[in-house]
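Scroll down for the structure; my scribbles are underneath it.
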Amino acid sequence: MGGEGTRLRPLTDNVPKPALTLVDRPFLAYMVEWLGAHGVSEVVLACGFLPDRLREALGEGEHEGVALTYVVEPELRGTAGAIRFAAEALGDRLEDRFLALNGDVLTDLDLTALLRAHEERGARATIGLYPVEDSSAYGLVECDPEGAVLAFTEKTGEAVPGEINAGAYVLERSVLDLIPPERKVSIETEVFPRLVGEGLCALRLDGYWMDIGTHERYLQATWDILEGRVSTEVRPSAPGLFLGEGCAVADSARIGPRAVVSRGCEVGADAVVVDSVLLDGCTVGAGARVSGSVLAPGATVEPGARLADTMVAENERVAAR
């Protein structure tokens, strides 16, 4: 979880992407709950950007019965270097086989099936795959009929359909030997290519998968949670709608049919909030209209303002004109 979430700025100016609220909980909570549902009892969080905010988001000790350990990279180590760093922090507690996961994906893919396939094939590393129509921004994986990886091509830039690296791996401890210590190393471009023909396998997984790293995908993930397209613990107020504890909405205001109004928000008379997310403590003044937008905590939209397709920073004020 070392990335800075630059494509989600200004929401991530002061909050690392994994700690950013998605509907009613830190995004990372969805990942921990997903792992717990597949029998994982301990999660090690390799932190980079603003690690203290990650600790604040999930707390110390455990979350929903899953033990949490935070380790902070002294400098960004890349996708493989972070795995080795976290493994070294565990020391003798590290098991011979473990899961390694990207910290920015909302998903309910079947990790139990991934573990089972890895064991049955006697693999050194097994990559979870997800089918997409446009693979240009992702790692494209080609396999033989038995699931052995034939080619691993990272971010080709070509908008072709295919099965992509879903950022969920089962690794044998021996894979750590391929990761040079104390430097930035990419698992996609430096480690996996070396394992082709040497025990690298993959499995297509069915279910939901979304990288939340842009404004559009953050909003789409929100609606997918509230409309039941991904399995989560969230309980919407209505399909597509979530009203947080202690929010105050005027009787003449219109909310939704898609919207999140979080804890302590206020929405004034005749205001409209549609296809938008108001995080904790936001204010939308009387007669204002907010559409397709995300407001960071404490943001204010003044009475009569019009706001569309915009991300508003923490405690920022949008003037009426």
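The values are calculated or read from the model by the stated rules, or taken from the named source; none is laboratory data. Computed from a prediction, not measured in an experiment: that's the story for all the values here. Every residue, glycine as well, gets a Cβ built from its backbone with ideal geometry; the counts of neighbours run over all protein chains shown. Note: accessible area is taken over every heavy atom of the protein model, side chains too, but ligands, DNA and RNA are not part of it. Shrake-Rupley method; radii C 1.70, N 1.55, O 1.52, S 1.80 Å.
Candidates Gly287, Gly256: the one that is of a type in the set (Gly, Ala, Ser) and open to solvent by 20 Å² or more (accessible area, probe 1.4 Å) is Gly287. Here Leu114, Leu76, Leu109 are screened, and the one residue that is of a type in the set (A, V, I, L, M, F, W, C), assigned to a loop (DSSP other than H, G, I, E, B), open to solvent by less than 30 Å² (accessible area, probe 1.4 Å) and touching a residue at least 24 places away in the same chain (Cβ under 8 Å) is Leu109. Of all the listed residues (Val43, Val71, Val32), the sole one being assigned to a strand (DSSP E or B) and surrounded by 19 or more Cβ atoms within 10 Å (Cβ to Cβ) is Val43.
Across region 214-226, a minimum of one residue is classified as touching a Lys or Arg at 6+ places or on another chain (Cβ under 7 Å) and crowded, with 17+ Cβ neighbours inside 10 Å. The set of residues in region 244-285 that are out of contact with any Asp or Glu (no Cβ under 9 Å at 6 or more places or on another chain) and not in a loop (DSSP other than H, G, I, E, B) comprises Ile255, Val261, Glu266, Val267, Val272, Val273, Val274, Ser276, Val277, Leu278.
Which one is nearest to the chain's Cα centre (by Cα) among residues in region 192-221 that are aliphatic (A, V, I, L, M) and in a strand (DSSP E or B)? Restricting to residues being aliphatic (A, V, I, L, M) and in a strand (DSSP E or B), the top hit is Met210.
Looking only at residues that are out of contact with any helix residue (DSSP H, G or I) (no Cβ under 7 Å at 6 or more places or on another chain) and under 24 Å from Leu111 (Cα atoms) in region 178-200, which one is most open to solvent (accessible area, probe 1.4 Å)?
Restricting to residues being out of contact with any helix residue (DSSP H, G or I) (no Cβ under 7 Å at 6 or more places or on another chain) and under 24 Å from Leu111 (Cα atoms), the top hit is Glu198.
Quick check: anything in region 4-19 polar (S, T, N, Q), under 27 Å from Val260 (Cβ atoms), at pLDDT below 80 and in a helix (DSSP H, G or I)? Within region 4-19, one or more residues are polar (S, T, N, Q), under 27 Å from Val260 (Cβ atoms), at pLDDT below 80 and in a helix (DSSP H, G or I). Within region 86-106, the set of residues being part of a helix (DSSP H, G or I), among the aliphatic types (A, V, I, L, M) and either buried (at least 21 other Cβ atoms within 10 Å of the Cβ) or at positive phi (or both) comprises Ala86, Ala87.
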